[in-house]
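Q: Following this message is one structure expressed as C-alpha coordinates.
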Ligand SMILES: N[C@@H](CCC(=O)N[C@@H](CS)C(=O)NCC(=O)O)C(=O)O
(Lines give C-alpha, C1' and ligand atoms only; values in the text may rest on other atoms or scores of the structure.)
Protein backbone atom coordinates (compact mmCIF):
# COMPACT_ATOMS: atom_id res chain seq x y z
CA UNK A 1 0.00 0.00 0.00
CA UNK A 2 1.05 3.56 -0.61
CA UNK A 3 0.41 6.60 1.58
CA UNK A 4 0.25 9.95 -0.19
CA UNK A 5 1.06 12.80 2.15
CA UNK A 6 3.11 15.86 2.95
CA UNK A 7 5.69 16.69 5.57
CA UNK A 8 3.50 19.23 7.36
CA UNK A 9 -0.05 17.81 7.36
CA UNK A 10 -1.14 16.79 10.88
CA UNK A 11 -3.71 14.33 9.45
CA UNK A 12 -0.94 12.65 7.47
CA UNK A 13 1.23 12.43 10.58
CA UNK A 14 -1.62 10.78 12.46
CA UNK A 15 -2.01 7.99 9.91
CA UNK A 16 1.76 7.60 9.53
CA UNK A 17 1.97 7.06 13.27
CA UNK A 18 -0.75 4.40 13.03
CA UNK A 19 1.09 2.63 10.18
CA UNK A 20 4.39 2.80 12.08
CA UNK A 21 2.92 1.64 15.39
CA UNK A 22 1.24 -1.30 13.64
CA UNK A 23 4.43 -2.09 11.65
CA UNK A 24 2.40 -2.25 8.44
CA UNK A 25 4.70 -2.24 5.38
CA UNK A 26 3.91 0.73 3.16
CA UNK A 27 5.44 3.20 0.80
CA UNK A 28 5.28 6.81 1.96
CA UNK A 29 5.10 9.28 -0.91
CA UNK A 30 5.35 13.03 -0.44
CA UNK A 31 2.79 14.32 -2.91
CA UNK A 32 2.49 18.10 -2.58
CA UNK A 33 -0.98 19.16 -3.69
CA UNK A 34 0.16 22.31 -5.40
CA UNK A 35 2.42 20.52 -7.88
CA UNK A 36 1.17 19.69 -11.36
CA UNK A 37 0.84 15.91 -11.74
CA UNK A 38 0.05 15.44 -8.08
CA UNK A 39 -1.18 11.85 -7.68
CA UNK A 40 -3.71 12.68 -5.03
CA UNK A 41 -5.81 14.70 -7.47
CA UNK A 42 -6.18 11.55 -9.57
CA UNK A 43 -7.08 9.15 -6.78
CA UNK A 44 -9.04 11.17 -4.21
CA UNK A 45 -12.05 13.06 -5.57
CA UNK A 46 -11.66 15.47 -2.65
CA UNK A 47 -8.07 16.16 -3.67
CA UNK A 48 -6.88 15.87 -0.10
CA UNK A 49 -4.12 14.15 1.76
CA UNK A 50 -3.76 11.72 3.40
CA UNK A 51 -4.84 9.20 0.79
CA UNK A 52 -3.97 5.54 1.18
CA UNK A 53 -3.83 3.53 -2.05
CA UNK A 54 -4.25 -0.18 -1.50
CA UNK A 55 -2.45 -2.76 -3.65
CA UNK A 56 -5.58 -3.27 -5.78
CA UNK A 57 -5.84 0.49 -6.41
CA UNK A 58 -8.68 1.14 -3.96
CA UNK A 59 -8.17 4.59 -2.47
CA UNK A 60 -8.97 5.14 1.21
CA UNK A 61 -9.42 8.74 2.23
CA UNK A 62 -10.03 10.79 5.31
CA UNK A 63 -7.55 10.14 8.07
CA UNK A 64 -10.22 8.73 10.39
CA UNK A 65 -11.18 6.06 7.86
CA UNK A 66 -7.53 5.25 7.12
CA UNK A 67 -6.68 4.95 10.83
CA UNK A 68 -9.65 2.68 11.43
CA UNK A 69 -8.78 0.48 8.45
CA UNK A 70 -5.08 0.19 9.27
CA UNK A 71 -5.83 -0.67 12.88
CA UNK A 72 -8.13 -3.47 11.72
CA UNK A 73 -5.34 -5.09 9.69
CA UNK A 74 -3.67 -6.80 12.61
CA UNK A 75 -4.37 -7.80 16.18
CA UNK A 76 -1.00 -6.64 17.37
CA UNK A 77 -0.90 -3.25 19.03
CA UNK A 78 -4.62 -2.54 18.93
CA UNK A 79 -5.03 1.24 18.75
CA UNK A 80 -8.84 1.47 18.72
CA UNK A 81 -10.52 -0.73 21.34
CA UNK A 82 -12.67 -3.40 19.70
CA UNK A 83 -14.79 -4.97 22.40
CA UNK A 84 -15.24 -2.25 25.01
CA UNK A 85 -17.74 0.14 23.43
CA UNK A 86 -17.22 2.88 26.01
CA UNK A 87 -13.42 2.78 25.64
CA UNK A 88 -13.81 2.80 21.86
CA UNK A 89 -16.06 5.84 22.09
CA UNK A 90 -13.57 7.65 24.32
CA UNK A 91 -10.71 6.99 21.90
CA UNK A 92 -12.76 8.13 18.91
CA UNK A 93 -13.79 11.27 20.80
CA UNK A 94 -10.13 12.02 21.57
CA UNK A 95 -9.45 11.66 17.86
CA UNK A 96 -12.29 14.07 17.04
CA UNK A 97 -10.92 16.54 19.58
CA UNK A 98 -7.42 16.36 18.11
CA UNK A 99 -8.75 16.58 14.55
CA UNK A 100 -10.77 19.64 15.57
CA UNK A 101 -7.59 21.32 16.85
CA UNK A 102 -5.95 20.51 13.50
CA UNK A 103 -8.97 21.88 11.58
CA UNK A 104 -8.94 25.13 13.53
CA UNK A 105 -5.16 25.55 13.33
CA UNK A 106 -5.39 25.12 9.56
CA UNK A 107 -8.19 27.69 9.35
CA UNK A 108 -5.98 30.15 11.28
CA UNK A 109 -3.05 29.33 9.02
CA UNK A 110 -5.08 29.86 5.82
CA UNK A 111 -6.39 33.18 7.12
CA UNK A 112 -3.04 34.44 8.34
CA UNK A 113 -1.18 33.85 5.07
CA UNK A 114 -3.65 36.09 3.21
CA UNK A 115 -2.55 39.66 2.65
CA UNK A 116 -3.36 41.70 5.78
CA UNK A 117 -6.30 43.57 4.20
CA UNK A 118 -7.98 40.29 3.27
CA UNK A 119 -7.59 38.62 6.66
CA UNK A 120 -10.71 38.10 8.75
CA UNK A 121 -9.77 38.77 12.38
CA UNK A 122 -13.07 37.26 13.57
CA UNK A 123 -12.29 33.90 11.95
CA UNK A 124 -8.80 33.88 13.43
CA UNK A 125 -10.21 34.73 16.86
CA UNK A 126 -12.97 32.11 16.60
CA UNK A 127 -10.56 29.31 15.75
CA UNK A 128 -7.85 30.35 18.18
CA UNK A 129 -10.46 30.36 20.94
CA UNK A 130 -11.63 26.89 19.88
CA UNK A 131 -8.03 25.63 20.05
CA UNK A 132 -7.54 27.10 23.53
CA UNK A 133 -10.76 25.53 24.78
CA UNK A 134 -9.94 22.17 23.22
CA UNK A 135 -6.48 22.19 24.83
CA UNK A 136 -7.98 22.99 28.24
CA UNK A 137 -10.50 20.17 27.75
CA UNK A 138 -7.71 17.75 26.77
CA UNK A 139 -5.58 18.73 29.76
CA UNK A 140 -8.45 18.22 32.16
CA UNK A 141 -9.35 14.87 30.62
CA UNK A 142 -5.77 13.64 30.59
CA UNK A 143 -5.21 14.66 34.20
CA UNK A 144 -2.10 12.82 35.44
CA UNK A 145 -2.50 9.78 33.17
CA UNK A 146 0.39 8.44 31.11
CA UNK A 147 -1.92 7.64 28.19
CA UNK A 148 -5.09 9.34 26.99
CA UNK A 149 -7.05 6.12 27.34
CA UNK A 150 -6.28 2.99 29.34
CA UNK A 151 -2.80 1.70 30.06
CA UNK A 152 -1.21 1.70 26.62
CA UNK A 153 -0.84 3.89 23.58
CA UNK A 154 -3.99 4.26 21.46
CA UNK A 155 -5.12 6.30 18.48
CA UNK A 156 -6.07 8.99 21.01
CA UNK A 157 -2.40 9.61 21.86
CA UNK A 158 -1.31 9.50 18.22
CA UNK A 159 -3.97 12.01 17.17
CA UNK A 160 -3.21 14.36 20.05
CA UNK A 161 0.55 14.37 19.51
CA UNK A 162 -0.06 15.08 15.81
CA UNK A 163 -2.25 18.07 16.68
CA UNK A 164 0.29 19.44 19.18
CA UNK A 165 3.21 19.05 16.78
CA UNK A 166 1.20 21.01 14.22
CA UNK A 167 0.58 23.76 16.77
CA UNK A 168 4.33 23.87 17.46
CA UNK A 169 4.91 24.24 13.72
CA UNK A 170 2.29 26.90 12.97
CA UNK A 171 1.69 28.62 16.29
CA UNK A 172 5.11 28.46 17.92
CA UNK A 173 4.27 31.41 20.17
CA UNK A 174 1.28 29.59 21.70
CA UNK A 175 2.56 28.54 25.13
CA UNK A 176 0.39 25.43 25.59
CA UNK A 177 3.12 23.79 27.67
CA UNK A 178 3.09 26.68 30.12
CA UNK A 179 -0.72 26.65 30.37
CA UNK A 180 -1.03 22.87 30.69
CA UNK A 181 1.93 21.30 32.47
CA UNK A 182 0.41 17.80 32.39
CA UNK A 183 0.07 17.95 28.60
CA UNK A 184 3.73 18.99 28.40
CA UNK A 185 4.80 16.01 30.52
CA UNK A 186 2.67 13.61 28.47
CA UNK A 187 4.06 15.14 25.24
CA UNK A 188 7.68 14.65 26.33
CA UNK A 189 6.94 11.00 27.06
CA UNK A 190 5.20 10.21 23.78
CA UNK A 191 7.68 12.23 21.74
CA UNK A 192 10.36 9.67 22.61
CA UNK A 193 8.41 6.88 20.91
CA UNK A 194 10.08 5.45 17.85
CA UNK A 195 7.04 6.15 15.63
CA UNK A 196 6.96 9.82 16.62
CA UNK A 197 10.72 10.20 16.18
CA UNK A 198 10.54 8.65 12.68
CA UNK A 199 7.56 10.81 11.71
CA UNK A 200 9.54 13.91 12.66
CA UNK A 201 12.44 12.92 10.41
CA UNK A 202 10.35 13.73 7.34
N1 LIG B 1 -10.75 15.44 7.32
C2 LIG B 1 -9.63 15.19 6.47
C3 LIG B 1 -8.82 16.46 6.33
C4 LIG B 1 -7.69 16.32 5.33
C5 LIG B 1 -7.16 17.67 4.89
O6 LIG B 1 -7.82 18.69 4.99
N7 LIG B 1 -5.94 17.67 4.38
C8 LIG B 1 -5.36 18.90 3.90
C9 LIG B 1 -3.88 18.93 4.16
S10 LIG B 1 -3.52 19.19 5.84
C11 LIG B 1 -5.55 18.97 2.42
O12 LIG B 1 -5.33 18.00 1.73
N13 LIG B 1 -5.97 20.13 1.93
C14 LIG B 1 -6.12 20.37 0.55
C15 LIG B 1 -7.43 20.95 0.16
O16 LIG B 1 -8.38 20.91 0.96
O17 LIG B 1 -7.52 21.42 -0.96
C18 LIG B 1 -8.80 14.05 7.03
O19 LIG B 1 -8.89 13.81 8.25
O20 LIG B 1 -8.11 13.36 6.26
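The values are calculated or read from the model by the stated rules, or taken from the named source; none is laboratory data. Please read these numbers as outputs of a predicted model, since none were measured by experiment. A quick note on method: Cβ atoms are made from the backbone with ideal geometry, for glycine too, and the neighbour counts reach across all protein chains shown.
Q: When you look at residue 39, is it farther than 19 Å from residue 152 by Cα, more than 10 Å from the ligand (Cβ to nearest atom) and in contact with a strand residue (DSSP E or B) (Cβ under 7 Å, 6 or more places away or on another chain), yes or no?
A: In short, yes.
Q: Kindly list the number of the only condition in (1) near the ligand (Cβ under 10 Å from one of its atoms); (2) in a helix (DSSP H, G or I); (3) under 26 Å from residue 171 (Cβ atoms) that fails for residue 17.
A: (1)
Q: Restricting to region 61-91, give me the number of residues that are away from the ligand (no atom under 13 Å from the Cβ) and over 21 Å from residue 23 (Cβ atoms).
A: Qualifying residue count, region 61-91: 8.
Q: Show the residue pairs meeting these rules: Cβ distance below 6 Å; 6+ apart or different chains; first residue within region 5-17 and closer than 17 Å to residue 156 by Cα; second residue within 8 Å of the ligand (Cβ to nearest atom) and in a helix (DSSP H, G or I).
A: Here the result reads 10/102; 11/63; 14/63; 15/63; 15/66, each pair linking region 5-17 to a residue that is within 8 Å of the ligand (Cβ to nearest atom) and in a helix (DSSP H, G or I).
Q: Would you mind stating whether residue 154 is in contact (Cβ under 8 Å) with a residue 60 or more places away in the chain, under 25 Å from residue 64 (Cα atoms) and more than 16 Å from the ligand (Cβ to nearest atom)?
A: Yes; evaluated as a whole, the condition is true for this residue.
Q: Can you find a residue in region 153-162 that is exposed (fewer than 13 other Cβ atoms within 10 Å of the Cβ) and either within 16 Å of residue 136 (Cα to Cα) or at pLDDT 95 or above (or both)?
A: no
Q: Suppose the filter is within 19 Å of the chain's Cα centre (by Cα), crowded, with 20+ Cβ neighbours inside 10 Å and outside any helix (DSSP H, G or I); does residue 4 pass it?
A: Against the criterion (within 19 Å of the chain's Cα centre (by Cα), crowded, with 20+ Cβ neighbours inside 10 Å and outside any helix (DSSP H, G or I)), residue 4 qualifies.
Q: With the structure loaded, tell me whether residue 54 is farther than 20 Å from residue 92 by Cα and within 9 Å of the ligand (Cβ to nearest atom) or whether it fails that test.
A: no
Q: I need the strands (runs of 3 or more DSSP E) fully contained in region 25-111, keeping only those with at least 1 residues that are without any contact (Cβ under 8 Å) to a residue 12 or more places away in the chain.
A: Result: 59-61.
Q: Right, something else. Scan region 184-202 residue by residue and report those that are loosely packed, with under 11 Cβ neighbours inside 10 Å and over 21 Å from residue 135 (Cβ atoms).
A: Once the filter is applied, which keeps residues that are loosely packed, with under 11 Cβ neighbours inside 10 Å and over 21 Å from residue 135 (Cβ atoms), region 184-202 yields 192, 194, 201, 202.
Q: Do you know which residues across region 105-123 are within 12 Å of the ligand (Cβ to nearest atom) and surrounded by 16 or more Cβ atoms within 10 Å (Cβ to Cβ)? Please lay out each step first, then the result.
A: To start, the set of residues in region 105-123 that are within 12 Å of the ligand (Cβ to nearest atom) comprises 105-107, 109-110.
105, 106, 107, 109, listed by residue number.
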